[in-house]
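A.B. asks: Just dropping this structure here.
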Amino acid sequence: MSSIAATQETTFEGAQDGVFVAEQMWPIRYQLYLVFVALAVGGWMGLGQALERVGVSMESFAGLESYYQGLSIHGVTLALVFTFSFANSLCSLLTIRGFGRPMASTMLLQGSFWTMLAGLVLGAIILLMNQATVLFTFYTPMEANPLFYLAAVFLVVSTWLTLANIIWTYRQWRADNPDERIPLVAFTTLTTYIMWGLASIGIAVEVVFFVLPWSLGIWDNTDPQLNRIFFWFTGHAIVYFWLLPAYISWYMCMPKQVGARLFSDGLTRMTFVLFLLFSIPTGLHHQYTDPGISATMKSIHLVLTFVIFFPSLITAFSIMAALESGGRARGGKGLFGWIFALPWGNPSVSAQLLAMLVFTLGGATGLINASMTVNLVVHNTAFIPGHFHLTVGTAVALTIMGVSYWFVPFMSGKKLFQPKLALAQGWLWALGVLTFSRGQISGGLEAMPRRTAIGEAAYELPGWELSNWLTAIGGVTMAVSGALFFLVIVGTLFLSKEPTEITEIPVGDEPVHGPKESWAFFDRIGQLTVIAVVLIIFAYLPTLISYLPATFESPGVKVW
Amino acid sequence: MSRTTLFVLLGIFAVVLIFGYTAVIPTNNEPRAVPTNTPGAAAGGGDEAGEGGDSSGAAAAGQSIYDAQCAACHTTDGSDSIGPTWQGLIGSEIALADGSTVVADEEYITESIRQPAAKVHDGFQPIMPVFELNDDDIASLIAFMQSLE
Ligand code: HEM
Ligand SMILES: [Cu+2]
């Protein structure tokens with residue numbers, strides 16, 4: 001295991017035992033700071049959206065033109081920039097750590113940072129100019145300024161540069177180590193990025209071939225439904241691109257952080273392989289109510305959605321096993337004693353434990369959404385934001401914050417500022433989101449639409465008042481928690497005097513059942529990718545054929 | 001973190017989780033604004049229309065138009081919904097959004113149906129759709145409204 005001493009700001013000046021080199025550390029570090037910038041901007045909008053429900057207008061709150069302008073900023077910064085830049089940053093670091101060698105290309109690593117920055121800045125400018133109030137899903141025929149789509153291209157290209165770099169590093173490592181198992185950490189980042197590489201083809205096709213030329217005026221009309229099919233080709237798998245970096249932390253770092261070992265190498269590899277294979281052929285579950293798509297294909301995607309739930313169940317098992325053994329090793333007794341024996345005093349651990357607890361509800365509500373007939377009840381209601389603030393808004397976001405509590409000290413060499421505040425931050429977020437989502441979920445069941453300025457709605461149904469108050473109270477609590485998070489991070493970077501004790505990335509030792517017991521086929525990345533492509537073709541070719549011929553008949557509209 | 005603090009925090013978490021989310025399903029059977037008022041109104045309206053003598057045929061015809069086209073927004077039991085209730089509407093004095101008042105006579109009712117935005121009842125949104133009903137239909141609706149005292 002490479003030991004790297006990050007005791008000072010200057011740690012990464014010059015080569016550190018040839019693995020963590022300075023030219024590669026700064027892009028990782030600055031990409032991590034983009035995570036925080038995106039969270040700050042998006043979180044501010046989120047606070048506005050929550051307050052809108054109890055009478056504070058978005059126009060007066062943030063000086064915006066409309067509620068939808070704010071919501072577009074919220075969605076783009078949080079669902080795209082926040083998650084992507086974190087994935088790039090953490091996965092690059094863990095790839096280096098996993099293969100025990102620098103990334104193959106320093107240029108790609110730096111390029112990934114610069115394109116992410118370009119995408120964020122360009123997107124922010126266009127959104128703030130109210131030229132792209134199309135929400136983060138940018139459904140046509142709503143037509144934004146072409147520069148907005150260009151910003152989206154930058155964001156995706158940034159992840160592709162990281163993907164190329166991870167694959168290249170893998171190939172180099174493989175050339176030097178022809179017979180070895182892929183180190184587990186590197187295996188998880190590699191499969192995550194290959195999955196995303198395949199998944200992002202949908203959105204790339206949509207933007208490059210249809211939306212961008214149309215918004216540039218090269219084509220007059222577009223086919224909104226075809227665009228939606230391509231969008232949702234990416235749109236479900238994207239949630240795993242958000243989630244898997246959190247899973248990577250749960251599998252690879254949490255066991256070490258609680259003083260335990262991961263249960264099984266093979267089970268972990270299998271989980272990530274299942275995500276690689278089944279994340280994408282599920283996208284139609286976002287289009288159950290869409291016309292023009294065969295019900296058979298919708299049903300096939302429905303079944304596959306339940307298939308992709310399975311690796312999350314394995315994850316629940318593996319992580320809980322590791323946590324229990326950690327808790328028992330720390331002296332926890334009895335049926336539940338190990339839970340209390342976990343290192344709850346460590347803010348990084350506690351935030352992630354809470355993220356997991358909240359995620360159980362996120363999974364349950366996700367199964368509700370995925371069930372075609374039940375989906376009709378909740379589709380496009382506030383139930384959906386209720387669901388995904390438990391998943392991406394907490395399981396992922398709170399894990400990112402928890403990881404930051406070692407990542408930032410590790411990268412900056414500074415001791416974590418005010419760990420007590422950091423602890424409070426995690427709890428506030430968890431309790432806040434439980435309240436917030438309770439409000440949104442019950443509102444949704446009372447037919448409250450999502451993506452609606454409820455405070456200005458023409459009418460209100462019974463039950464909405466409670467829903468609005470819970471949403472507002474929960475949302476404010478989350479915002480307070482977010483503010484504490486910034487205090488801790490900014491404090492760590494600028495006020496913290498002492499050097500950190502964190503000198504090592506908390507990646508666990510070999511699992512209880514190590515790589516020798518795990519199936520060698522899992523490492524056949526190339527073959528697995530081919531299988532994934534075949535599954536995608538099975539799931540999407542008939543969908544497209546049954547949909548075609550396309551009807552390019554919609555002119556662009558600007559509804560804001 | 002002390003063990004007591006942890007117990008308390010996890011306890012709060014569990015309480016929010018269990019009580020918050022098990023009570024999520026709308027369990028109250030109180031009438032929800034839109035659908036459930038209709039049957040009740042139908043029964044009540046029917047009885048009274050019976051007592052109304054001559055106008056009963058017209059009131060019944062008015063009620064069927066009400067059931068089909070108006071019940072989504074108007075109640076007959078005195079509670080306001082998306083639109084104002086019809087109970088006690090006829091002859092009452094109505095405050096308008098522009099600050100003036102008007103008596104709800106036949107003329108006002110007719111205008112409210114044919115040009116809902118012309119005079120907007122204070123405190124309500126001007127969202128009522130235009131209904132192109134003929135004079136007979138409007139007469140039946142008024143008879144039905146009169147039966148709702
Ligand atoms: C301070 C914390 C937050 C608050 C108060 C908040 C509040 C909200 C509200 C009220 C909505 C629903 C708006 C509507 O449907 O009209 C929303 C939508 C959304 N939120 Fe958040 N949120 C927060 C944090 C997050 C985080 C951390 C993420 C993801 C990492 C996130 C991702 C989203 C997304 C993707 C949408 C959907 C946008 C759309 O429908 O286009 N939010 N948020
Ligand atoms: Cu999905």
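The values are calculated or read from the model by the stated rules, or taken from the named source; none is laboratory data. Computed from a prediction, not measured in an experiment: that's the story for all the values here. Please note: Cβ atoms are built from the backbone with ideal geometry, for glycine as well, and neighbour counts cover all protein chains shown. Accessible surface is based on the protein model in full, side chains and every heavy atom, while ligands, DNA and RNA are left aside. Shrake-Rupley method; radii C 1.70, N 1.55, O 1.52, S 1.80 Å.
A.B. asks: Taking R0 as 22 Å, what FRET efficiency do you get between A:Asn177 and A:Val512 from their Cβ-Cβ distance, rounded to the nearest 0.05?
C.D. replies: After rounding, the FRET efficiency stands at 0.40.
A.B. asks: May I have the convex hull volume per residue, in Å³, for the Cα set of the stretch A:345-507?
C.D. replies: Convex hull of Cα atoms, per residue: 112 Å³.
A.B. asks: Check A:Thr381: other-chain or 5+ apart residues with amide H under 5 Å from its amide H, H built from backbone geometry?
C.D. replies: Amide H neighbours of A:Thr381, under 5 Å, 5+ apart: A:Arg450.
A.B. asks: Let me ask something else. Can you sort A:Lys414, A:Lys298 by 1.4 Å-probe accessible area, starting with the largest?
C.D. replies: From most accessible down to least: A:Lys414, A:Lys298.
A.B. asks: Using only protein heavy atoms and a 1.4 Å probe, report how much of A:Tyr139 is accessible, in Å² to the nearest 10.
C.D. replies: 50
A.B. asks: How large is the Kirkwood hydrodynamic radius of the protein assembly as shown, counting all unique pairs of alpha carbons, in Å?
C.D. replies: So the Kirkwood estimate lands at 27.9 Å.
A.B. asks: Where does the stretch A:217-362 land on Rg(C-alpha)/(2.2 N^0.38 Å)?
C.D. replies: Taking the Cα Rg and dividing by 2.2 N^0.38 Å, one obtains 1.35.
A.B. asks: Between A:Phe538 and A:Phe521, what is 0.36 nm times their sequence separation minus the Cα-Cα distance? Round to one decimal in nm.
C.D. replies: This chain segment gains 3.9 nm when fully extended.
A.B. asks: What area, in nm² and to one decimal, does the C-alpha convex hull of the stretch A:111-247 cast on average over all directions?
C.D. replies: 9.3
A.B. asks: Across peptide B:15-21, how many C-beta atoms of other chains are within 10 Å of each residue C-beta, on average?
C.D. replies: Average neighbour count from other chains, rounded to a whole number: 5.
A.B. asks: Given the whole protein assembly as supplied and a 1.4 Å probe, what does the accessible area of A:Tyr193 come to in Å², nearest 10?
C.D. replies: Around 0 Å² of this residue is reachable by solvent.
A.B. asks: In what sequence, largest accessible area first, do A:Thr192, A:Thr296 appear using a 1.4 Å probe?
C.D. replies: From most accessible down to least: A:Thr296, A:Thr192.
A.B. asks: With the calculation restricted to Cα positions, what are the radius of gyration and Dmax of the stretch A:19-180 in angstrom?
C.D. replies: For the stretch A:19-180, the Cα radius of gyration and maximum Cα-Cα distance read 18.4, 64 Å.
A.B. asks: Indicate the gyration tensor shape class of the stretch B:51-130 (rounded, prolate or oblate), computed on the Cα atoms with a ≥ b ≥ c the square roots of the eigenvalues: a/c under 1.5 is rounded; otherwise a/b larger than b/c is prolate and the rest oblate.
C.D. replies: Here the stretch B:51-130 falls in the prolate category.
A.B. asks: Further question on the same structure: Would the stretch A:413-551 count as rounded, prolate or oblate if I go by the C-alpha gyration tensor, calling it rounded below 1.5 in a/c and otherwise prolate when a/b exceeds b/c, oblate otherwise?
C.D. replies: Note, shape of the stretch A:413-551 comes out oblate.
A.B. asks: Moving to a separate point now. For the stretch A:319-380, which semi-axes, largest first and in whole Å, follow from the square roots of 5 times the eigenvalues of its Cα gyration tensor?
C.D. replies: Over the Cα atoms of the stretch A:319-380, the semi-axes work out to 34, 13, 7 Å.
A.B. asks: Karplus couplings for the stretch B:138-144 from phi (6.51 cos²θ - 1.76 cosθ + 1.60, θ = phi - 60°), rounded to Hz, Gly and Pro as x?
C.D. replies: 5, 4, 5, 4, 5, 4, 4
A.B. asks: Sticking with this structure for a sec: As a test question: what accessible area, to the nearest 10 Å², does A:Ser350 have when a 1.4 Å probe is rolled over all protein chains in place?
C.D. replies: We get 0 Å² for A:Ser350.
A.B. asks: Starting from the Cα of A:Asn221, step 7 Å along the direction of its Cβ; do the same at A:Ala316; then give the gap between the two resulting points in nm.
C.D. replies: Label-label distance for A:Asn221 and A:Ala316, simple model: 4.9 nm.
A.B. asks: Sort A:Lys415, A:Lys420 by heavy-atom solvent-accessible area, probe 1.4 angstrom, most to least.
C.D. replies: In descending accessible area the options line up as A:Lys420, A:Lys415.
A.B. asks: A 29 angstrom limit on the alpha carbon distance is what I want to check against. Which of A:Lys256/A:Lys415; A:Lys414/A:Lys516; A:Lys415/A:Lys516; A:Lys333/A:Lys516; A:Lys256/A:Lys497; A:Lys333/A:Lys420 exceed it?
C.D. replies: A:Lys414/A:Lys516; A:Lys415/A:Lys516; A:Lys333/A:Lys516, as the Cα separations exceed 29 Å there.
A.B. asks: Can I ask one more? Roughly what would the spin-label model give for A:Ala550 and B:Ser2, points 7 Å off Cα along C-beta, in nm?
C.D. replies: Here the answer is 6.6 nm between the modelled labels.
A.B. asks: To continue, here is another question. Leaving out ligands and nucleic acids, note down the accessible area per residue over the protein assembly as shown with a 1.4 angstrom probe, in whole Å².
C.D. replies: 40
A.B. asks: Follow-up. At 7 Å along Cα-to-Cβ for each site, give me the label-to-label distance between B:Asp135 and B:Asp98 in nm.
C.D. replies: 2.7
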